[in-house]
Amino acid sequence: MRVQPPRRRFIFVLLVSLTLSLIAVVYPVYVIRPFRTQGARELAAALVVMRWRPAITVISALAALAMLAGYWRWELRRWPRILAAAGAGLVCLLAALARVNIYELMFHPDTRPAFLAASQVRLDGREKVIAVKIGESARAYPIRAISYHHVINDVVERVAIVATY
């Protein structure tokens, strides 16, 4: 006689692992994104999550894989096995993504900035810029544009400069 499997426990472990991994990966990205004001508490929480997310996601991935091994032995039907394997795979994928610094991918230096004459530029009167003047040449780098790169490498009057904030 076959004992009924603890399916609910397996599914619960998978859902908790998936939820924790998803929160650990997505919450900091949601909070720390360009052009979004962050409150001090939510930024502090996002930084704490970023600090602990490697451990959280590895533990979640191990739990999901252990759940999958147990579930695979109990469940004989194909589709529940496939769904459980997909869920465990997603948790493992999130564990890998937790090790990728998305900000390094998003924010890379702009090494070829393009400029227009001041008469051709349309900026809001309240828009902030970083202004650089060397000799007779002047440049203005809008903060809005720099926020995607965080670093602008440029040459002004044959002098290499880096504009950042």
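Where a number appears in this text, it was derived from the coordinates with a stated rule and is not lab data. Here the structure is a predicted model, which is why all the values come from computation and not from measurement.
Data overview
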| item | result |
| --- | --- |
| Top of LEU43, LEU68, LEU123 by mean-square fluctuation, Gaussian network on the chain, Cα under 10 Å | LEU123 |
| Most mobile listed residue (ARG139, ARG51, ARG77) in the chain, GNM with C-alpha springs under 10 Å | ARG77 |
| Axial C-alpha extent at least 24 Å, average Kyte-Doolittle at least 1.6 - helices from the chain (DSSP) | 7-31 |
| Candidates ARG81, ARG144, ARG73: whichever shows maximal mean-square fluctuation once the chain is modelled as a Gaussian network with Cα springs under 10 Å | ARG73 |
| For segment 118-164, radius of gyration divided by Kirkwood radius, i.e. Rg to Rh on alpha-carbons | 0.97 |
| Sequence-distant residues sharing a close amide H with VAL156 (under 5 Å, placed H) | ILE161 |
| Radius ratio Rg over Rh of segment 7-106, counting only Cα atoms, Kirkwood formula for Rh | 1.09 |
| Volume of the Cα convex hull of segment 80-165, divided per residue and given in Å³ | 154 Å³ |
